[in-house]
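The values are calculated or read from the model by the stated rules, or taken from the named source; none is laboratory data. Fair warning: this is a prediction, and the values are worked out from it, not measured in the lab. Cβ coordinates were reconstructed from backbone atoms using ideal geometry, including for glycine residues, and neighbour counts include every protein chain displayed. We work out accessible area using only protein heavy atoms, side chains counted, and drop any ligands, DNA or RNA first. Shrake-Rupley method; radii C 1.70, N 1.55, O 1.52, S 1.80 Å.
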Amino acid sequence: MYKNLAGRAVLAWAAACFLSPAFSQPQASKEPLKIGFVYVTPVTDAGWVRQHEEGRKAVDAALGGKVSTTFVENVPEGADAERVIRDLAQQGHRLIFTPSFGYMEPTLKVARDFPGVKFESITGYKTAPNVATANARYYEGRYLAGIAAGRMTKTNMAGYVAGFPIPEVLQGINAFTLGMRSVNPNAKVAVVWLNEWFDPPKERDAAMALFNQNADVVAFHTGSTAVMAAAQERGKMAVAYHSDMRKIAPDAQIVAVTHQWGGYYTERARAVLDGSWKSGDVWGGVKEGMIRVGDFGSKVPKAVQQEVLARQKDIAEGRLQPFRAVAADVRDNEGHVVIAKGAQLNDEQILKMNWLVEGVQGRVGR
């Protein structure tokens, strides 16, 4: 009896092994999610691309073996961008981040041909069923940096090295000027337009020209550390952008406006992994942890640091809006009222900004 039962058990086990997929072959391991990043400049120690590279690393750290990330650096906007984005999609990347304004149209074009791939157009504004957009409210940090600059300047003149006259850049110039003049009504800001995002020699020359025009503090919206290095060389002050740049300008840096992408990138990767990813538009700032001001230089008095951090807390908690006219009308630098007393610009108005505020020397794009 026991022998027959044992024999039947062996036969049953053998049949189960033959018929059940669980026994007939090893369970295939789930492939990690392939994520691609496209960078508009080389990866350097600081700057726009550095912050996105830190975001990529944060995804790796948070999700480990669930993801496999890669990046392609120094990809010009335009035809080259489309080719690289398409290559990443063809190579099986199911999530692709394209963090540059000029990547928006190439991203949309490739997305139409790869409906199963999710795309994140960072700083873009056009969405599609498989294309989401995201950006940070850089202007909130610019306003806070303006407060620091307004307290620190001795000449009441700041300089601003600007890439292109798009709304995002105009928002930054205007917020910086408003922040500066909120604590120093006599302050003025001179702008130099480069029509380049990344050209270190041009960035340096522009900063030097501004110093020659009596600016003793500069801010910038370009991609390298050249403005910071110029300020260090000339013994002037500067506001770091994108990253903390005290390694490049230990004496010149008064504050840094940094953007933090790790949280957003990780959240979006998780959404692809669990199937909850949806197209949408995110515009986060200080409150959401996407913009942070700090990394004060050693020459900044404690009282100024505390004032800036207090105003940062006010923005986070909704008590301060950079584009709200509190005490009087806000005018552009041609004398037109752009924000009436007591009013506040809404997001649509901010996103379409095409003017320069009173106190800025220069014109849009010139």
Check off (1) over 24 Å from LYS299 (Cβ atoms); (2) out of contact with any helix residue (DSSP H, G or I) (no Cβ under 8 Å at 6 or more places or on another chain); (3) assigned to a helix (DSSP H, G or I) for ALA209 and give me the number that stays unchecked.
(1)
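Residues in the range 217-227: is at least one surrounded by fewer than 20 Cβ atoms within 10 Å (Cβ to Cβ), in contact with a Phe, Trp or Tyr (Cβ under 9 Å, 6 or more places away or on another chain) and either assigned to a loop (DSSP other than H, G, I, E, B) or not β-branched (Val, Ile, Thr) (or both)? Outline the logic, then answer.
Narrowing the range 217-227 to residues surrounded by fewer than 20 Cβ atoms within 10 Å (Cβ to Cβ): none.
The answer is no; no qualifying residue exists.
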For the range 81-139, list the strands (runs of 3 or more DSSP E) that sit wholly inside it and hold at least 1 residues that are open to solvent by 20 Å² or more (accessible area, probe 1.4 Å) and either touching a Leu at 6+ places or on another chain (Cβ under 8 Å) or modelled with pLDDT of 95 or more (or both); which are they?
118-122
Kindly indicate whether any position in the range 156-168 is under 19 Å from the mean Cα position of the chain (by Cα), in a helix (DSSP H, G or I) and in contact (Cβ under 8 Å) with a residue 60 or more places away in the chain.
yes
Go through the range 22-58 and give me each residue that's at pLDDT 90 or above and polar (S, T, N, Q).
GLN51
Could you tell me which of the residues TYR265, TYR241 is open to solvent by less than 10 Å² (accessible area, probe 1.4 Å), assigned to a helix (DSSP H, G or I) and of a type in the set (Phe, Trp, Tyr)?
TYR265
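Each row is one residue, and each column tells you yes or no for (1) farther than 14 Å from ALA175 by Cβ; (2) touching a Ser or Thr at 6+ places or on another chain (Cβ under 9 Å); (3) free of Cβ contacts under 8 Å to residues at least 40 places away in the same chain; (4) in a loop (DSSP other than H, G, I, E, B).
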residue	(1), (2), (3), (4)
GLN306	yes, no, yes, no
ALA310	yes, no, yes, no
LYS313	yes, no, yes, no
GLN321	no, no, yes, yes
VAL338	no, no, yes, no
LYS341	yes, no, yes, yes
GLN349	no, no, yes, no
TRP355	no, no, no, yes
ARG363	yes, no, yes, yes
